[in-house]
1. Restrict the check to the stretch 51-61 and report whether at least one residue is among the basic types (K, R), surrounded by fewer than 21 Cβ atoms within 10 Å (Cβ to Cβ), more than 16 Å from the ligand (Cβ to nearest atom) and part of a loop (DSSP other than H, G, I, E, B).
2. Output the helices (runs of 4 or more DSSP H) that fall wholly within the stretch 279-364 and possess 1 or more residues being acidic (D, E) and crowded, with 16+ Cβ neighbours inside 10 Å, or say none.
3. Of all residues in the stretch 453-485, count the ones that are more than 9 Å from the ligand (Cβ to nearest atom) and either more than 20 Å from the chain's Cα centre (by Cα) or farther than 25 Å from G239 by Cα (or both).
4. Which of the numbered conditions does H69 fail, given that it passes all the others? Conditions: (1) surrounded by fewer than 22 Cβ atoms within 10 Å (Cβ to Cβ); (2) touching a strand residue (DSSP E or B) at 6+ places or on another chain (Cβ under 7 Å).
5. For the stretch 473-531, which fully contained helices (runs of 4 or more DSSP H) count at least 3 residues that are at pLDDT below 95?
6. Would you pick out the residues in the stretch 226-264 that are over 20 Å from N461 (Cα atoms) and not in a loop (DSSP other than H, G, I, E, B)?
7. Under 7 Å between Cβ atoms, at least 6 apart or on separate chains: pull out the pairs that start in the stretch 388-404 with a residue that is within 20 Å of A277 (Cα to Cα) and end on any residue that is among the aromatic types (F, W, Y) and buried (at least 19 other Cβ atoms within 10 Å of the Cβ).
8. When you go through R202, R245 one by one, which is the residue that is away from the ligand (no atom under 12 Å from the Cβ) and charged (D, E, K, R)?
Amino acid sequence: MVQSRGQHHIVGGGIAGLATAVFLLRDAGVPGADIHIHEQLDRPGGSLDGSGDARQGYLVRGGRMFEEHFACTLDLLAGIPSADDPAVSAAEDILAFNRAVHASGNCRIVRGGRPAADRDRLGLGRGALLDLARLVLRPERSLGDRTIAACFRPAFFDSNFWLMWATMFSFQPWHSAVEMRRYLRRFIHLFPGFTRIEGVLRTRYNQHDAMIAPMVCWLRQRGVDIAPARQVTDLTIGGTAPARRVTRLAFADGTALAVGAEDRVYLTLGSITEGSATGSADRAPDPAVREGGGWGLWRRLAAAHPGFGRPEAFCGTPERTSWTSFTVTLDRPGFFALMEDFTGNRAGTGGLVSFAGSAWGLSIVLFHQPHFRDQAAGTQVFWGYGLCDDRPGEVTGRTLREATGTEILAELAGQLGLSRDQRAVLSGARVVPCRMPFITSVFMARRPGDRPAVCPDPGGNFAVIGQFCELERDCVFTVEYSVRSARAAVAQLTGRTPPPPPVARTDRDPRVVLRALRVLLGRRPAQDQRAAAGPDALARR
Ligand code: FAD
């Protein structure tokens, strides 16, 4: 065993782990050489991926939308030089990109192979409005582990609002009403632009290139040890309350590390992208569900020690928490030209296009190009996903889980109503389907105590970071949640940095609430109200 002193061990090299390292170094004054990130995969980034090449096909498991009140994320990136220009921070680059590429989707919903005539309407009846109001106004704790389905009458789930809401944020009726309530309140200022996905911030490239690579470079330059292929399988926790502390880390290769009294341990428990499986044009992803260190370590800790919550609530039903995405690489501009014509949006300015009649819950996004920093000249990359990957598609009759890349494109072409000749625009495409068994595990209905606190009680030298610790008011399935948890953990374990700023309470601004109400009641938002959110508003401050 190797003895260590005054060291900071971070389990997991996703954005939560990397942000922890940045805050330790930048704000708490910890030398880089005393920070160690243990990552089980062969490279850091976790869910924020971006890989592949033009020949095999590029792969992103998803695309991230941010917004101006992601205070912890923007603060984190303010200190990191951007990928293209060291004089510009990664945060400034996001804002500059969104000022230059203004996004407002003209075609949020497709119905019957055409842009839906009512795509700017939410279609909420009196009953649905009443249910929404009740959910938002109830105290969070009174909801317990109720599901969204239990809070709304059935007609709500047929509305355009639900289609747009579910596909934008990945909600399902069996998900937690508490999480839906948090989203409704946290993002209420985005309602005026909701049907056009306005007011959200996007990155210039995929998030691995735009955020992870610059952070990893910055950390390594300062001596932080980022160890790939290093899975932490167990922790020894010794002592009794209140002096309980981690004394040892055990790794999958059989080695171990002693953790001294001065050392600190930051644990990413659970992962929404663990067990991701990829396929190809002629092969569907492997259906086997494999848990790795993220769920394994959490299960072990929760079984052995108090205060670690109940992982089973989140990872126990992968058939209910899975969806499948796909990344398509094209050599010719035909499909992008066709879609730009169809939607009236230049690539990168539209956001999600969702197919109302699709049992898969199919949606696609045409990113601003290039989407990869080193993307081969002349290639174009788009992404799509199906929220319900266990239902047979209308065109192929296959479930999305079982579909090959070629079948996914056939389903997409059918949903778009493309003629046989038009389908040629997709020929030669490389398609990488990616099944994620735990992608919506964060949203599963839960009870208080199912998620551990950032510093579980009783505890001494360790903290929980990432998507599955409890943070007041903020919304999971966001980068912001992970970064906020990192900031809270560093503040609590070092005592040398301030806690994260409170979550913005735009739901307490009467003007914001009034605007949202107008939209929900079916009145069109004025242009100036839509413009009240987003990068321009941020730049004006
Ligand atoms: P992860 O990304 O899960 O990283 C955890 C890391 O820890 C992994 O690399 C894992 O391998 C490693 N690890 C875990 N356990 C161990 C162990 N025992 N030993 C060693 N290593 C371990 N967010 C937004 O803000 N906006 C969006 O629009 C958005 N859309 C999304 C779309 C998709 C398809 C996906 C997948 C995510 C999306 N998100 C979005 C969510 C966001 O990307 C994630 O919430 C965030 O990246 C999670 O980061 P994390 O570091 O907490 O966890």
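The values are calculated or read from the model by the stated rules, or taken from the named source; none is laboratory data. Since the structure is predicted, the reported quantities are computational estimates derived from the model, not experimental observations. Neighbour counts are summed over all protein chains in view; Cβ atoms, including those assigned to glycine, are modelled from backbone coordinates with ideal geometry.
1. Looking through the stretch 51-61, at least one residue is among the basic types (K, R), surrounded by fewer than 21 Cβ atoms within 10 Å (Cβ to Cβ), more than 16 Å from the ligand (Cβ to nearest atom) and part of a loop (DSSP other than H, G, I, E, B).
2. 334-343
3. Count: 15.
4. It fails just one condition, (2).
5. Ranges flagged: 527-530.
6. I226, A227 - these are the residues of the stretch 226-264 that are over 20 Å from N461 (Cα atoms) and not in a loop (DSSP other than H, G, I, E, B).
7. Pairs that qualify, where the first residue is within 20 Å of A277 (Cα to Cα) and the partner is among the aromatic types (F, W, Y) and buried (at least 19 other Cβ atoms within 10 Å of the Cβ), are C388/W360; D389/W323; D389/W360; R391/W360; L400/W360.
8. Checking each option against the conditions leaves just R245.
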